[in-house]
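Here is the structure we will look at, set down as structure tokens.
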Amino acid sequence: MKTLFAAMIATTALISPAIAQDQITEFRIGLLGGENAQDRLASNECFRAYAEEALGVPTKLFTAADYNGVIQGLIGGTLDMAWLGASGYAAVWLENPDAVTPVLVKTNLDGSFTYHSIGFARKDSGITSLDDMKGKVFAFGDPNSTSGYLVPSVEIPAATGATMDSGDYFGEVRFVGGHEQTIVAVSNGDVDAGVTWADGPGDWEDGYNSGALRKAVDAGLVDMNDLVEIWKSKPIPEGPIVLRNALPEDVKAKMVELTANLHANDPDCAYGVAAGETAGFTPIGHDAYETIIAVRRAQMSN
């Protein structure tokens, strides 16, 4: 624990201290899309309460309509903290590299901090692979989602030999707003298949150990026995928890310590915040996301 705490302090010391830092009067945590706003707020309420107690100022949760709302909130300074996807962090860094710093990452039960983009369809659809998706409707969550679009937009064309443009290989590529929306759209038969995220370890029947599928199972939205996996990406680096650089150093240190110890102190709260089973949150730095940043930059130039 002493080693972890030393690493956390070292991590927070890397956050740019050059900006004049006044005492904060409130603390604002941004929540990415992926499930409906009410469920996002409920899953993170315990963490909000802990943060408010630790900081001694009103702490608020903000649910944006899409990923870009949280991205722009961090860039514009209206949000202080968020758990971003790797692509979301890349978007922030590419627009303003001085806005935030990665401090922690969710770890899986096996100690890894990667996850996968998962392509899935209804079992009764007869679709079992990307080969069966030619001419069909494929749903994606959000253009700023790592697993919900960025990684599939690179790996799926490599597998199919076609672009992601509607009508090229797939009949239609449709954005439906988020991971939960994708899962519901596939489950209801509104689209032929979709992609979402899962950590990878665990059982399909449970929606793996953590991720959007696990949250959907917990919420009673789907029975995984009605779905089938049709594609799985290579491992993706889990997105970072970031803090706004302009925050006072003591605020950063308190939030890093609170988050790093959350799993040990309140496993149930950590389950909700991490979207399922986790080994906790461990230090991470910018270097872990340079590959995703390069992919995002390349897409922007196309």
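Against the conditions (1) open to solvent by 10 Å² or more (accessible area, probe 1.4 Å); (2) touching a residue at least 60 places away in the same chain (Cβ under 8 Å); (3) more than 19 Å from Asp39 (Cβ to Cβ), where does Asp266 fall short? Just the number, please.
Just one mismatch for Asp266, condition (3).
Residues of the stretch 199-219 being surrounded by fewer than 20 Cβ atoms within 10 Å (Cβ to Cβ) and hydrophobic (A, V, I, L, M, F, W, C), which ones?
Answer for the stretch 199-219, where residues must be surrounded by fewer than 20 Cβ atoms within 10 Å (Cβ to Cβ) and hydrophobic (A, V, I, L, M, F, W, C): Trp204, Val217, Ala219.
Taking the stretch 244-274, which residues are of a type in the set (Lys, Arg) and either in contact with a Pro (Cβ under 7 Å, 6 or more places away or on another chain) or not in a helix (DSSP H, G or I) (or both)? Spell out the reasoning first.
To start, the set of residues in the stretch 244-274 that are of a type in the set (Lys, Arg) comprises 244, 252, 254.
Result: Arg244, single match.
Would you check if Gly77 is open to solvent by 10 Å² or more (accessible area, probe 1.4 Å) and small (Gly, Ala, Ser)?
Details: open to solvent by 10 Å² or more (accessible area, probe 1.4 Å): yes; small (Gly, Ala, Ser): yes.
Here the answer is yes, as Gly77 does meet what is asked.
What is the residue count in the stretch 288-302 for residues that are free of Cβ contacts under 8 Å to residues at least 60 places away in the same chain and assigned to a helix (DSSP H, G or I)?
First, pick out the residues of the stretch 288-302 that are free of Cβ contacts under 8 Å to residues at least 60 places away in the same chain: 290-291, 294, 298, 301-302.
Next, only the ones that are assigned to a helix (DSSP H, G or I) stay: 290-291, 294, 298, 301.
Matching residues across the stretch 288-302 total 5.
Among the listed residues Thr291, Thr282, Thr196, Thr259, identify the single one that is open to solvent by 40 Å² or more (accessible area, probe 1.4 Å), β-branched (Val, Ile, Thr) and modelled with pLDDT of 95 or more.
Working: Thr291 fails: modelled with pLDDT of 95 or more; Thr196 fails: open to solvent by 40 Å² or more (accessible area, probe 1.4 Å); Thr259 fails: open to solvent by 40 Å² or more (accessible area, probe 1.4 Å).
Only one candidate qualifies: Thr282.
Please work out which one of (1) under 28 Å from Gln72 (Cβ atoms); (2) surrounded by fewer than 22 Cβ atoms within 10 Å (Cβ to Cβ); (3) β-branched (Val, Ile, Thr) is the condition Val222 fails and give its number.
Failing condition for Val222: (1).
Only helices (runs of 4 or more DSSP H) wholly contained in the stretch 120-232 count here; list those with 2 or more residues that are of a type in the set (Gly, Ala, Ser) and under 22 Å from the mean Cα position of the chain (by Cα). Break it down into steps so the answer makes sense when it comes.
Details: elements: 151-160, 179-187, 212-218.
Output list reads 179-187, 212-218.
Can you tell which of Ile19, Ile9, Ile15, Ile29 is farther than 13 Å from Gly272 by Cβ, at pLDDT below 70 and open to solvent by less than 30 Å² (accessible area, probe 1.4 Å)?
On the way: Ile19 fails: open to solvent by less than 30 Å² (accessible area, probe 1.4 Å); Ile9 fails: open to solvent by less than 30 Å² (accessible area, probe 1.4 Å); Ile29 fails: at pLDDT below 70.
Among Ile19, Ile9, Ile15, Ile29, only Ile15 is farther than 13 Å from Gly272 by Cβ, at pLDDT below 70 and open to solvent by less than 30 Å² (accessible area, probe 1.4 Å).
The values are calculated or read from the model by the stated rules, or taken from the named source; none is laboratory data. All values derive from a computational prediction rather than experimental measurement. Heads up, the Cβs are rebuilt from the backbone with ideal geometry, glycines too, and the neighbour counts pull from every protein chain shown. Heavy atoms of the whole protein, side chains included, go into the accessibility calculation; ligands, DNA and RNA do not. Shrake-Rupley method; radii C 1.70, N 1.55, O 1.52, S 1.80 Å.
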